[in-house]
1. At a threshold of 8 angstrom on Cα-Cα distance, excluding pairs fewer than six apart, so keeping six or more, what relative contact order does region 33-666 reach in percent?
2. Report P(r) for the chain: all Cα-Cα distances, bin width 20 Å, range 0 to the bin holding the largest distance, values in whole percent.
3. Can you put Val93, Val106 in order, fewest other beta carbons within 10 Å first?
4. Any lysines with Cα under 24 Å of the Lys221 Cα? List them, leaving off those in the same chain fewer than 8 positions away.
5. Just grab the label-to-label distance for Val267 and Lys84, each label 7 Å out from Cα along the Cβ direction, in nm (one decimal).
6. Please go through region 541-636 and write out the trypsin sites (Lys or Arg not before Pro) that DSSP classes as loop and that have at most 15 other C-beta atoms within 10 Å.
7. To the nearest 20 debye, what is the magnitude of the charge dipole of region 33-666 about its Cα centre, counting +1 on the Cβ of each Lys and Arg and -1 on the Cβ of each Asp and Glu?
8. Could you list, in their original order, any pairs among Lys244/Lys594; Lys244/Lys346; Lys86/Lys351 whose Cα atoms are separated by more than 26 Å?
Amino acid sequence: MGKQEQVRLPDNAYSKLKDDEEYVPVIPAGKIVPELTPYSLFWGLFYSVLFSMAAAYLGLKIGQVFEAAIPIAILAVGTSVMLKRKNALQENVIIQSIGSSSGVIVAGAIFTIPGLYILGLDVSFMQIFLASLFGGVLGILFLIPFRKYFVQDMHGEFPFPEATATTEVIIAGESGGEQAKVLVVAAVIGGIYDFCVAGLGLWKEVVSTQVFRWGAFLSDKWKLVLKINIGAAVTGLGYIIGLKYALIIACGSFLAWWVLIPAFYYVGQHLVEPLLPAAILIRDMQPQEIFTNYVRHIGIGGIAAAGIIGIIKSSKIIAGAFKLAANELTGGIHATAEEAVPRTQKDIKMKWIAIFLLTTFIALFVFFLFGVVEMNFGHALVGILIVLIISFLFTTVAARAIALVGTNPVSGMTLMTLILSSVILLKVGLTGEKGMLAALIIGGVVCTALSMSGAFISDLKIGYWLGTTPQVQQRYKFAGTLLAALSVGFVILVLNKTFGFGAAAGPNALEAPQASAMAAVIEPLMTGSPAPWTLYIAGVFMAIILEFIGVPPLAFALGMYLPIYLNTPILAGGLIAHFVGKSADNQELVKKRKEKGTLIASGFIAGGAIMGVVAAFIIFFGQRIFGDNWTLMQAVGTEHWAESAGGEILGFVMFILILVYLYWDSTRIKE
């Protein structure tokens with residue numbers, strides 16, 4: 001690719017800046033290259049539709065929404081290389097930014113909307129479409145004022161794992177040479193590895209110490225268990241996050257699984273009746289059931305409190321955003337000052353954000369009044385206030401979570417929203433089926449808003465590293481959101497008619513696990529049953545104590561909320577990053593090894609993500625041809641092997657091998 005082979009990120013792309021140091025992106029502010037073109041707009045919108053459909057099906061089937069940003073970046077880079085487009089780097093950023101709206105909108109919709117079907121309520125296409133659209137638009141608008149703080153002011157403070165992986169993909173594709181080779185090899189290894197385990201079932205994906213005799217004894221006697229998702233993608237995520245935050249997250253899991261679950265089990269031995277919200281006795285539960293019914297709620301309370309603590313600590317930034325908006329609206333900022341802003345720091349003007357927000361709230365009010373059954377003027381006003389306050393307050397929480405660990409606790413925040421919404425709606429007289437419908441629609445809007453704000457910060461960080469104009473990313477994110485919302489509305493209706501949602505819909509129904517959980521929580525609330533407030537309050541005090549002793553409460557609470565098998569491989573990846581950093585005394589050599597490790601980890605994430613999409617499509621078309629119960633494992637005859645003791649022990653062995661490979665390949669660079 002000629003001169004483009006030399007394209008690389010600046011040395012200070014991932015490190016904190018000194019007082020007199022400035023970050024200059026790959027494409028400096030003074031250099032103009034194509035960004036938004038008919039080419040980038042078409043492919044961005046095309047991927048937004050395509051991946052919305054794929055992500056919705058997979059998410060409703062197994063409860064996991066794959067991140068579309070990395071597969072779209074890979075496809076964008078591949079297409080530009082194939083077509084021999086020159087100066088395609090910024091076009092690829094825009095394609096990725098527009099297209100990645102798909103997974104974001106899907107996550108917001110499938111966590112809540114199928115709950116309407118599970119509860120036996122009527123739902124229309126317009127309700128799904130507008131709830132998703134309004135939520136996505138609010139997520140974009142609420143985040144823009146915080147862009148500078150997260151991507152520029154906090155440069156080097158947050159690891160931004162997913163944004164890092166996506167940026168490495170785009171840079172490697174543009175650079176060619178050794179970087180691209182390392183990334184491609186790692187992507188192939190990670191992709192094949194993850195496809196073998198998750199698609200073909202050659203070994204078990206989530207391994208547990210219960211497979212060993214001593215592990216089974218500990219699980220039965222004291223409910224002590226260690227679980228690990230042995231995927232290459234999630235391990236690569238841990239490498240990029242680094243040991244500090246990976247250890248904090250893991251400690252949250254260890255407290256939940258090795259302290260609280262055994263404690264609940266011990267107390268449960270003396271209970272003769274089920275302890276709400278569960279329907280069975282604690283002594284009859286498995287560790288996973290104790291976690292889901294009780295311990296996870298402490299994590300949810302911790303996430304909510306950590307969010308409020310973050311808002312208090314960010315009060316100056318929030319006040320600054322309001323002050324900037326007031327200055328612009330009253331003409332306090334002159335055109336000359338606006339023109340002096342570098343291209344790479346230009347956002348949509350605050351006055352337009354204020355106008356768009358006002359317009360969105362008016363449209364949302366009309367939607368609540370006429371689009372949601374039996375909401376009167378007062379109910380619609382309450383609904384608007386719930387959406388406004390919770391979406392705005394939790395926007396920074398979602399963005400900070402993505403910046404720290406690459407995982408947005410959106411389902412936990414949405415669950416909290418549903419509980420608060422239900423309590424408030426009950427107070428204003430909206431109960432029963434009408435109340436459940438209103439609460440789930442409100443939850444859908446908030447969930448999508450938080451999902452969007454969390455993911456969009458990654459897009460903007462990618463643009464910051466590479467020198468994209470933020471204003472362009474922000475404007476055309478709306479277009480991707482519109483098409484993704486249309487696609488998701490269509491897909492949910494089709495999937496409901498084809499399969500149905502929830503266990504009660506039949507043997508071939510899609511599980512929709514998050515929506516099923518939301519429905520299970522909201523139904524008793526709207527019928528007067530109590531919520532686990534004691535557990536939420538315990539989580540709140542835990543977060544306050546952690547803040548006092550200097551431990552980031554959000555990362556710790558995330559560890560308590562997420563299943564342990566997702567956090568243990570993150571810790572393993574963080575440990576490998578630490579060992580690579582200690583592999584030599586020569587700091588320049590260590591730096592090169594860590595950079596290569598970041599490329600390999602990014603390749604693992606990219607390969608795992610793209611093969612997740614491939615597996616989703618194979619399963620989708622296979623079920624159309626061979627029947628609803630058809631799986632890849634069934635086709636190759638490994639469905640029973642994957643769940644056997646041999647398949648699980650092999651999973652442990654393969655996980656050790658992938659960790660050894662990550663360390664070995666990263667440290668092959670010699671002095």
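1. Relative contact order here is 34 percent.
2. Taking all Cα pairs of the chain, the binned fractions are 18, 56, 25, 1 percent.
3. Val93, Val106
4. In chain and number order, there are no partners.
5. 7.0 nm
6. Within region 541-636, the qualifying trypsin sites (Lys or Arg not before Pro) (loop, at most 15 other Cβ atoms within 10 Å) are Lys582.
7. So the magnitude is around 880 debye.
8. Violating the 26 Å limit, Cα to Cα: Lys244/Lys346; Lys86/Lys351.
Taken together, the values in this text are just the output of simple stated rules run on the coordinates, not laboratory data. All values reported here derive from a predicted model rather than from experimental measurement. So basically every Cβ, Gly included, is an ideal-geometry build from the backbone, and we count neighbours across all protein chains shown.
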